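Data first, discussion second: the structure below is written as structure tokens.
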Amino acid sequence: MRRGGSYAVWRMSRIRCYAWVCLCQSLALVWVTLLCPVRANHDLPIVVSYTTFNKSVNFTHVVVDQNSGRVYIGATNWLYQFDGSLKLETEVKTGPVEDSIQCSPTDCTLQKKVNTTNVNKVLVIDNRANKLIVCGSVHQGACRRHELGNIANAEELVPVPVAANDENSSTYAFIGPAQYFGYPSRVLYVATTNSHLGPYRDMVPAITSRSLEEGNGRLFGIIEKSFSTIARVDISFHLRDYYLVNYIYGFHSGGFIYFATVQRKSHLRALEEWGYITRLSRVCTSDAGYNTYTEVSLQCIGPDGTDFNVLQDAAVGPAGSDLAQAFRTGIGSDVLVGVFAVSKDHTSKPSRKSALCVYSLAVVEQRFTENIHLCYNSSVITRNMDYIAGSINQCPEPGKAGNILNFCNETIKLNGSIPIQQQAAVFYFNTTLTSVGFRRIGQHTVAFAGTSDGSLKMVLQNDIYSFFRLCHLFIQMSLLLLKVDIQVRSPMFGVIILEGRKHASGEGTRLMT
């Protein structure tokens, strides 16, 4: 018996496969991770690959248009468009450009400009407008739109600061629903780490809703109804240079918008040694003033009590009947899959200890509601959110709040005291999981996890007996994009090792199913 679960061996087409089995007691699930040491130039079922041999070109984002099958890549100084077979259709040079961190997005006549690398920060498909939204690190993180059919056809740059204006500060964006002022709409939700570079960073909120309406200068503008009703959340001014939040993932589920973050456990400098934690932040889709903004800690715990405290990547999608039964929720209900690592010392840097956890979004909503009730029924005294601008310190006095039927009409601004906790489904003590994706295949849920050393792992429940399915997986590395056919056949299913370059930053592989 080895640490991490029982050890077994299968033989597949003369390939020796090692399986790690981990019992997840809280869900009564058995997850299996199979690792087959297949070399990329031998048995790996790579359909096609694309490699750029220019080491200055670093792939940062990959998105797949589910309608056309096209693949788009945002990279350092380049933007690429491929067909579904990874045949290069169009490439657009986006940098370097003459720029200065002191320049505004609209004017740079009085500043000394230098040749500046343009790092892709946002790559989002807008199918309704038939556009690809692209934001880079130059021009204060401003964006432009390209035609999905031909990215060489691009609109003028919209001179609005949106993304982070450096290489390493995080930006996460996605299109989601909104119900502002009683009208349904779509907006671009954007979360951005403050790079504290240049004089224009205060124009970029920590989290905000940006308009997708064309004309009248509204595109990518922050949505606002009045001076007091603006769709944004900001870190308190006196903490913006210290309390930096790393935005890992964002999604919508039910009537809520979520962002998954890694941030300091305390905003107080004296408690810096407390280190970092993972949190989920949430706001109602009907809240145009972000008054319902709430945070709750997200924990992934090993069987021995190990706290895998820093999220590396996450994905949301529908559960198959296997997960739905385990979570006692409906088939197709949203689940959140995340890969976590134990941080090194008091930093946010990941160690070689990592794990995968699965959360029911129904349970997540319940935990948010529970935390809000604790404040409104006076079980807790303070909202504990001094690091958010405009927050209220004290919870309502007993009996003052009355009977509240819909908290989406309230001003909450709350940091919940009860975490969302789940036991790790799979865990490793010498591997750093860096990315995750999953597919619902028939009634089953299959997760794929990439590692910092360029490996790919498949995670399944061991109650799969008779299904067979071929699916495509796009694997993004620093200089390499692969399209791989994954055959899932029980009980002889496997996981493939990919031998590829790591990101220069050590982020490893990125996945897109």
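The values are calculated or read from the model by the stated rules, or taken from the named source; none is laboratory data. Worth saying up front: this structure is predicted, and the values here are computed from it rather than measured. Cβ atoms come from the backbone with ideal geometry, glycine included; neighbour counts cover every protein chain shown. The accessibility values were calculated without ligands, DNA or RNA, using every heavy atom of the protein model including side chains. Shrake-Rupley method; radii C 1.70, N 1.55, O 1.52, S 1.80 Å.
So, restricting to strands (runs of 3 or more DSSP E) that lie completely within the stretch 425-479, which ones have at least 2 residues that are at pLDDT below 60, out of contact with any Asp or Glu (no Cβ under 8 Å at 6 or more places or on another chain) and open to solvent by 20 Å² or more (accessible area, probe 1.4 Å)?
468-476
Yes/no per residue for (1) out of contact with any strand residue (DSSP E or B) (no Cβ under 9 Å at 6 or more places or on another chain); (2) within 27 Å of F174 (Cβ to Cβ); (3) free of Cβ contacts under 8 Å to residues at least 60 places away in the same chain:
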{"position": "T94", "(1), (2), (3)": "no, yes, yes"}
{"position": "D107", "(1), (2), (3)": "yes, no, yes"}
{"position": "V114", "(1), (2), (3)": "no, no, yes"}
{"position": "V138", "(1), (2), (3)": "no, yes, yes"}
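Here's a check for you: in the stretch 377-389, which residue that is closer than 12 Å to G416 by Cα and not hydrophobic (A, V, I, L, M, F, W, C) is farthest from the chain's Cα centre (by Cα)? Let's see the steps before the verdict.
If we filter the stretch 377-389 for residues that are closer than 12 Å to G416 by Cα, which is where we start, we get 379-385.
From what is left, the residues that are not hydrophobic (A, V, I, L, M, F, W, C) are 379, 382-384.
Working: S379: 33, T382: 29, R383: 26, N384: 25 Å.
Looking at residues that are closer than 12 Å to G416 by Cα and not hydrophobic (A, V, I, L, M, F, W, C), I get S379.
Every residue, every condition in (1) assigned to a strand (DSSP E or B); (2) touching a strand residue (DSSP E or B) at 6+ places or on another chain (Cβ under 6 Å); (3) touching a residue at least 12 places away in the same chain (Cβ under 8 Å), yes or no:
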{"site": "L280", "(1), (2), (3)": "yes, yes, yes"}
{"site": "V283", "(1), (2), (3)": "yes, yes, yes"}
{"site": "T292", "(1), (2), (3)": "no, yes, yes"}
{"site": "L298", "(1), (2), (3)": "yes, yes, yes"}
{"site": "P303", "(1), (2), (3)": "no, no, yes"}
{"site": "D313", "(1), (2), (3)": "yes, yes, yes"}
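Which residues, taken from the stretch 220-243, are open to solvent by 60 Å² or more (accessible area, probe 1.4 Å) and not aromatic (F, W, Y)? Spell out the reasoning first.
Here is the first cut: in the stretch 220-243, the ones open to solvent by 60 Å² or more (accessible area, probe 1.4 Å) are 224-225, 227-228, 232, 237-238, 241.
E224, K225, S228, R232, H238, D241, listed by residue number.
Out of curiosity, is L35 farther than 30 Å from E147 by Cα and modelled with pLDDT under 65?
yes
Taking N130 as meeting all but one of (1) at negative phi; (2) open to solvent by 80 Å² or more (accessible area, probe 1.4 Å), write down the number of the exception.
Status for N130: all satisfied but (1).
Tell me which residues, restricted to the stretch 225-238, are among the charged types (D, E, K, R), closer than 21 Å to I175 by Cβ and at pLDDT 90 or above.
At the first step, the residues of the stretch 225-238 found to be among the charged types (D, E, K, R) are 225, 232, 234.
Now restrict to residues that are closer than 21 Å to I175 by Cβ: 225, 232.
Passing the criteria: only R232.
Between A319, A324, A270, A260, which is open to solvent by less than 10 Å² (accessible area, probe 1.4 Å) and within 28 Å of P205 (Cβ to Cβ)? Even if it seems obvious, please write down each step before you answer.
Values: A319 fails: within 28 Å of P205 (Cβ to Cβ); A324 fails: within 28 Å of P205 (Cβ to Cβ); A270 fails: open to solvent by less than 10 Å² (accessible area, probe 1.4 Å).
The unique qualifying residue is A260.
Tell me, please, whether a residue that is closer than 20 Å to P199 by Cβ and in contact with a strand residue (DSSP E or B) (Cβ under 6 Å, 6 or more places away or on another chain) can be found in the stretch 168-180.
yes
Would you call V71 modelled with pLDDT under 95, farther than 26 Å from K112 by Cβ, within 22 Å of the chain's Cα centre (by Cα) and open to solvent by less than 10 Å² (accessible area, probe 1.4 Å)?
So V71 passes the test.
Identify all residues within the stretch 347-362 that are in a strand (DSSP E or B), surrounded by fewer than 20 Cβ atoms within 10 Å (Cβ to Cβ) and of a type in the set (S, T, Y); write none if there are none.
Once the filter is applied, which keeps residues that are in a strand (DSSP E or B), surrounded by fewer than 20 Cβ atoms within 10 Å (Cβ to Cβ) and of a type in the set (S, T, Y), the stretch 347-362 yields only S351.
Picking from T52, T76, which residue would you name as being at pLDDT 90 or above and surrounded by 13 or more Cβ atoms within 10 Å (Cβ to Cβ)?
Details: T52 fails: at pLDDT 90 or above.
Testing whether each residue is at pLDDT 90 or above and surrounded by 13 or more Cβ atoms within 10 Å (Cβ to Cβ) leaves just T76.
Inside the stretch 116-136, can you point out the residues that are under 16 Å from V187 (Cα atoms) and in contact (Cβ under 8 Å) with a residue 40 or more places away in the chain?
Within the stretch 116-136, V122, L123, V124, I125, D126, N127, R128, A129, L132, I133, V134 meet the criteria.
Scan the stretch 175-198 residue by residue and report those that are more than 10 Å from S209 (Cα to Cα) and under 14 Å from the mean Cα position of the chain (by Cα).
Correct list: T192, T193.
Specify which of the listed residues (T116, T90, T106) is in contact with an Asp or Glu (Cβ under 7 Å, 6 or more places away or on another chain), open to solvent by 20 Å² or more (accessible area, probe 1.4 Å) and at negative phi.
Values: T90 fails: in contact with an Asp or Glu (Cβ under 7 Å, 6 or more places away or on another chain); T106 fails: in contact with an Asp or Glu (Cβ under 7 Å, 6 or more places away or on another chain).
Result of the check over T116, T90, T106: T116.
Just to be sure, is K265 over 24 Å from S211 (Cβ atoms) and surrounded by fewer than 17 Cβ atoms within 10 Å (Cβ to Cβ)?
Values: over 24 Å from S211 (Cβ atoms): yes; surrounded by fewer than 17 Cβ atoms within 10 Å (Cβ to Cβ): yes.
Here the answer is yes, as K265 does meet what is asked.
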